[in-house]
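Trainee: Below you will find the structure I want to go over with you.
Every number in this text was worked out from the coordinates using simple rules, so none of it is lab data. All figures in this text were calculated on a predicted structure; none of them were measured in a lab. Positions of Cβ are generated from backbone atoms using ideal geometry, with glycine treated the same way; all protein chains shown enter the neighbour counts.
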Amino acid sequence: MTGHEGGCLCGQVRFRVSTPALSSGYCHCRMCQKSSGAPVVAWVTFPACGFSWIAGTPRTYGSSARAKRQFCAQCGSYMLFRSEDSPDEVSVNTASLDDPGVFPPQMHIFTESRITWFHTRDALPTHQGYGPFQRPED
Ligand SMILES: [Zn+2]
Ligand SMILES: [Zn+2]
């Protein structure tokens, strides 16, 4: 069985993904910046059916009417993003995986809010906003 595990800094909350990844990238949006305290969040999306929490219970923050961010209540690590726009998918924060090197980012999204001093040395596609993940009503 293929699978990857990850978890928070303190180890209380752990998760597993058991399906191949759908997409990956860097998100430069302000909500990811604020939620993580980092200039960018690298994410990797999986089918929701292949994701499970295997230890502990994350806290959930509704960061907008349509999106939820899940994190460890004890250490604060931000691990998972879910959106009602794509209920069949979850986005894991890549660095929270035990083996983050397996999932290199494939694109940049929300470069409209990229911090001016932050650069990555790559030739990946860049998108000002959602990119390939357009919200249905947009
Ligand atoms: Zn924790
Ligand atoms: Zn974001």
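Trainee: What value does region 4-113 have for Rg/Rh, both radii from Cα atoms and Rh as Kirkwood defines it? Present the calculation step by step, with values, prior to reporting the outcome.
Mentor: Values: Rg = 12.7 Å, Rh = 13.8 Å.
Here Rg/Rh amounts to 0.92.
Trainee: Under unit Cβ charges (Lys, Arg +1; Asp, Glu -1), what dipole magnitude, rounded to 20 debye, does region 4-113 have relative to its Cα centre?
Mentor: Values: 9 positive and 8 negative charges, 77 e Å.
That gives region 4-113 a dipole magnitude of about 380 debye.
Trainee: A further question follows. Given an 8 Å cut-off on Cα distances and at least 6 residues of separation, report the relative contact order of the chain as a percent. Walk me through the numbers on the way to the answer.
Mentor: Details: 289 pairs, mean separation 36.9, N = 138.
About 27 percent, as a whole number.
Trainee: Name the residue, out of R30, R121, R66, whose mean-square fluctuation peaks in a Gaussian network model built on the chain with Cα pairs under 10 Å.
Mentor: R121
Trainee: With the dipole of region 4-113 worked out from charges on the C-beta (+1 for Lys and Arg, -1 for Asp and Glu) around the Cα centre, which of A73, C29, S91 lies farthest toward the positive end?
Mentor: Projecting each Cα onto the dipole axis, the largest value belongs to A73.
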